[in-house]
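Here is the structure we will look at.
FYI, it's all coordinate maths here, none of it is from the lab. These numbers come from a predicted model, not from an experiment. Quick reminder, even Gly has a Cβ in these numbers, built from the backbone with ideal geometry, and neighbours come from all protein chains shown.
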Amino acid sequence: MSIFCWKEVKPPESKPDFSNVRSGGSSTASAAPQPTDTIGSGKAYVVVEGDSLSKIARREYGDASKWPTIYEANKEVITDPDLIFPGQELQIPGA
Amino acid sequence: MRTRLFGISILALTLAAVLNAACARSSENPGATGTTGTGSGVRVSRIDMGRSLNADRTINDTTNSFKPNDTIYASIVTEGITATTTLKARWTYQDGQVVNESTQTIAPAGDARTEFHIAKPDGWPTGKYTVEVFLNGSSAATRAFDVER
């Protein structure tokens, strides 16, 4: 075969990143009372470089989509959920 | 005589195997594969999808085809009354990646609409997606949609 028959090697397609997906919801039905033990006393967590709320949620809860739980519990220190800083101390509810 | 006994034994074994398979199948979760299903006393009757929502949680502009910058709404219609029902929406991309999961715990006193929505600030990748709704942990309904340019 000649050099004209070479096959183009495509780089492997990267997976789309859904870690910054924001979600919400509401209902016409009334909200059922939540068991208090799901909130728990929580624990403190100090942000390290490379962290995001979804990464912390994945690590602490095994589910990245639970990042709003951490955000809601730390609104006093987090002004933008896409922006957290190394050294920041966060409360992780129910962890 | 020996041949007849052998034949009866084979027949009995076959019958036992068929009964065993039937019993195993009846114990599977009936809601896991349906397109709509039931929770305890509550049933998902429909999922509507669109780009915006009315105050009563109905969809303003029903569509199955979204643009990358859309907020995607799923409005779930439930029927029935319970003190506590957990409704979960799992959004999945075509490659199997879970895009998002969120849960609401509601106490419906009849027909109700519960909406879940997702948004992605940097835009949705084009492709096929599904939203699967779980009632108290059991799959109750699934709906597919597309994101196109």
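Could you pull out every one of the aspartates and glutamates with an alpha carbon less than 19 Å from that of B:Lys128, ignoring same-chain neighbours closer than 8 positions?
Correct list for B:Lys128: A:Glu13, A:Asp17, B:Asp48, B:Asp70, B:Asp95, B:Glu101, B:Asp146, B:Glu148.
Is there a simple number for the mean count of other chain Cβ atoms within 10 Å of the Cβ of residues in B:105-112, and what is it? Could you put the intermediate results ahead of the total?
On the way: counts 8, 8, 6, 5, 3, 2, 2, 4.
Averaged over the peptide's residues, the number is 5.
Please list 3J(HN,Hα) in residue order for the stretch B:81-94, calculated via the Karplus relation 6.51 cos²θ - 1.76 cosθ + 1.60 where θ = phi - 60°; whole Hz, with x for glycine and proline.
After applying 6.51 cos²θ - 1.76 cosθ + 1.60, I find 10, 8, 6, 8, 9, 9, 10, 10, 10, 10, 9, 10, 8, 4 Hz.
Given a Förster distance of 25 angstrom, what is the FRET efficiency for B:Asp146 paired with A:Ser14, based on the Cβ-Cβ distance and rounded to 0.05? It would help to have the intermediate numbers written out before the result.
Numbers: r = 21 Å, r/R0 = 0.83.
Computed FRET efficiency for B:Asp146 and A:Ser14 comes out at 0.75.
Shielding of A:48-60 by partners, i.e. mean partner chain Cβ atoms within 10 Å per residue?
Per residue, the number of nearby Cβ atoms from other chains is 0 on average.
For B:92-104, what's the mean count of beta carbons from other chains sitting within 10 Å of each residue's beta carbon? Walk me through the numbers before you get to the answer.
Numbers: counts 1, 3, 1, 3, 1, 4, 5, 6, 8, 5, 8, 3, 7.
Mean partner shielding for this stretch: 4.
Apply the Karplus parameterisation 6.51 cos²θ - 1.76 cosθ + 1.60, with θ equal to phi minus 60°, to every residue of the stretch B:130-138 and state each ³J(HN,Hα) to the nearest whole Hz, in sequence, with x for glycine and proline.
Residue by residue, the stretch B:130-138 yields 9, 10, 10, 9, 10, 10, 6, x, 9 Hz.
Report the label-to-label distance for B:Thr86 and B:Ser65 in nanometres (one decimal), using points 7 Å from each Cα along the Cα→Cβ vector.
3.8 nm
When B:Arg46, B:Arg113 are ordered from fewest to most other Cβ atoms inside 10 Å of their Cβ, what list results?
Going from least to most buried by this count: B:Arg46, B:Arg113.
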